[in-house]
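The values are calculated or read from the model by the stated rules, or taken from the named source; none is laboratory data. What you see is a predicted model, and the numbers here were worked out from it, not measured in a lab. Cβ: placed from backbone, ideal geometry, glycine included. Neighbour counts: every protein chain shown.
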Amino acid sequence: MTNVSAPQPPKAAAQAILRETFGYAAFRGAQAEIIAHVAGGGDALVLMPTGGGKSLCYQIPALLRPGCAIVVSPLIALMQDQVDALIQLGVKAACLNSTLDWRAAQAIEQAIFSGTLDLVYIAPERLLLERTLAMMDALYEARKLALFAIDEAHCVSQWGHDFRPEYLQLSTLHQRYPAVPRIALTATADQATRNEMLNRLGLGEARVFLSSFDRPNIRYTVVEKDNTRKQLLTFLAGRRGQAGIVYCLSRKKVEETAAWLSQQGYPALPYHAGLPAEERAANQRRFLREDGLIMCATIAFGMGIDKPDVRFVAHLDLPKSIEAYYQETGRAGRDGEPAEAWMAYGMQDVALQQSRIAESAAGDDRKILETQRLTALLAYCEAPRCRRQVLLDYFGESNTPCGNCDLCAEPPELWDGTLAAQKALSAIFRTGMRFGVGHLIDILRGKATDKIRQWRHDHLPTFGVGGELDDHAWKSVFRQLAAAGLVHVDMAEHGALQLTEAARDVLKGQRRVELRRPRRREKTAAPRGTGMSATATSQLAAADETLFQKLRQWRADTAREQSVPAYIILHDKTLRELAQNRPANPQELTRINGMGSAKVAHYGEALLALIGG
């Protein structure tokens, strides 16, 4: 790949690289504007959803500017796959990390100096070594540094679950190399995290590019916990053979769920920070390179996962915030095909997350922020309207009802729950705010249990006043009161419910409470209102489907020979387009999305033979 040297490269040069190298006819969204800005020497903070094409925003400027681009990536395990994908496109790329022996590392350093590499991926720990900084000092003097790309930039957020302390030191790049443009990229960040990134990375003068957070191909569903394993099996019915991620809160639950799913005929692997590093790496490699595997994982798994055909993400426990939820669900459907985000949650989840915040070493301001983030997630779970609207509202973006979530498919029935809320809040108050949901429901429904008699709660005015609702309905009421910020769950008191200041107005009759009626849903429907099926955006004719499967088999064999993930060869979307359009010569192949000149040179003959056969 020849770098185009120009201070303000014309759009035509970027367009030519997009078509000839990456095989795409047109830029999406703000890509062209971002590329022009960075290639022209400007700093940028790019917030773009997973699957939105963030990588092109630094890869094309790297090819347009003279010298080598340094890409800071926090995940050594995935660097080689990213490099392999670029090499397939004819781009000269390498990674420099601790997995290399000194000879290999030295060879890459020499290649950087000689100008034979376009991009080098490097972990932040390696970047900040004196040896590496000395090498970059020399490159800077020789004007051979094209740009710095800081991927997964939210790692700089000190209280995020992906925090990397080394990211805090990346502001040194601007101090040492002020003439080299920097582009920081992330898939998700609320306003507080955006401010952290700008401040901690020294990007105060950077231009911020904020794309839509909407992922219209993802269908969102939330269910109330009621035999979670049975609910998960119901969700997975009809999804056998699809790749997915199942998130659990604890390491023990991860391992138990993976074993259980495998017994049920859904091949699953565990992933958490407590597993030996070799086993974690092996499981991640299998998930990326094999079809139809499910990864059961804690939040330790996911950042930077580049597998485009993940068809679902399921949460068996509540994430810590709406930002974390968005990030985790965003690992589904990177290829633009229909995908599912399914979550089961209950009151115990709320208690555990509130306990995590209370017991953290964070200061009061940070705890208040984390509580607000958790409350926003609860409001999403208990939303009376389109989930996508609630999700996008959080990121400051408006949207019309999507038609592709459970609430759009089956709008909930709303009711005036003021009286029920007053009864529930009164029960909490009259018992001294020392008891959990189960005991409070027994009081409201007039169940004279041993515990109730022991505490003489059968003599309370609230005993038996809630007989109009069953246990399931009262659980829904208490969850919605927590989501509305009227109730706090105190894990220090074994899950006791406590009133917040906001509850006072409800008890005094000065605030109306609207609730949604609970309902049990035992099935997860296919996407509605989008024209999408569960497996493909467009249905193939029978003959095209046969060819598509042949192409997939060829891709699997080719990937196995090269020891790379199948999607690095070609994406499903490209194979589907090949099956539908049936190009007859190399020129027609170049008109297929994803078929750049290197791909045509490498695979054109084999593809044309398959299509012509």
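Some observations on this one:
- Residues of region 35-78 that turn out to be hydrophobic (A, V, I, L, M, F, W, C), in contact (Cβ under 8 Å) with a residue 60 or more places away in the chain and either over 24 Å from LYS144 (Cβ atoms) or in a strand (DSSP E or B) (or both), as a count: 13
- Those helices (runs of 4 or more DSSP H) of region 282-392 in which 3 or more residues are touching a Pro at 6+ places or on another chain (Cβ under 6 Å) and not hydrophobic (A, V, I, L, M, F, W, C) are absent.
- Qualifying residue in region 319-335 (condition: basic (Lys, Arg), surrounded by fewer than 23 Cβ atoms within 10 Å (Cβ to Cβ) and either under 17 Å from GLN284 (Cα atoms) or not assigned by TED's automatic domain parsing to the domain that holds GLU382 (or both)): no
- Of all residue pairs spaced 6 or more apart or on separate chains, those with beta-carbon atoms under 7 Å, a first member in region 16-31 that is in contact (Cβ under 8 Å) with a residue 60 or more places away in the chain and outside the structural domain of ILE568 (by TED's automatic domain parsing) and a second member that is part of a loop (DSSP other than H, G, I, E, B) and hydroxyl-bearing (Ser, Thr, Tyr) are GLY29/SER211; ALA30/SER211.
- Any hit, region 322-343, residues being at pLDDT 90 or above and over 23 Å from PRO216 (Cα atoms): no
- Matching residues in region 79-91 - criterion: being in a helix (DSSP H, G or I), in contact with a helix residue (DSSP H, G or I) (Cβ under 8 Å, 6 or more places away or on another chain) and in contact (Cβ under 8 Å) with a residue 60 or more places away in the chain: ASP81, ASP84, ALA85, GLN88
- Complete set of residues in region 500-516 that are surrounded by 13 or more Cβ atoms within 10 Å (Cβ to Cβ), charged (D, E, K, R) and part of a loop (DSSP other than H, G, I, E, B): ARG511
- When LEU168, LEU133, LEU129, LEU185 are checked against the criterion of being in contact with a strand residue (DSSP E or B) (Cβ under 8 Å, 6 or more places away or on another chain) and aliphatic (A, V, I, L, M), LEU185 stands alone in meeting it.
- Criterion applied to LEU129, LEU100 was being at pLDDT below 95, surrounded by fewer than 17 Cβ atoms within 10 Å (Cβ to Cβ) and within 24 Å of LEU201 (Cβ to Cβ), and the one residue passing it is LEU129.
- Test: residue in region 248-257 that is hydroxyl-bearing (Ser, Thr, Tyr) and either on the phi > 0 side of the Ramachandran plot or assigned to a helix (DSSP H, G or I) (or both): yes
- Counted residues, region 199-216 - those being buried (at least 16 other Cβ atoms within 10 Å of the Cβ), touching a strand residue (DSSP E or B) at 6+ places or on another chain (Cβ under 6 Å) and of a type outside the set (A, V, I, L, M): 1
- Residues within region 542-553 that are surrounded by 14 or more Cβ atoms within 10 Å (Cβ to Cβ) and of a type outside the set (D, E, K, R), tallied: 3
- Index of the failed condition, ALA94 passing every other in (1) in contact with a Phe, Trp or Tyr (Cβ under 9 Å, 6 or more places away or on another chain); (2) closer than 30 Å to TYR326 by Cα; (3) buried (at least 22 other Cβ atoms within 10 Å of the Cβ): (2)
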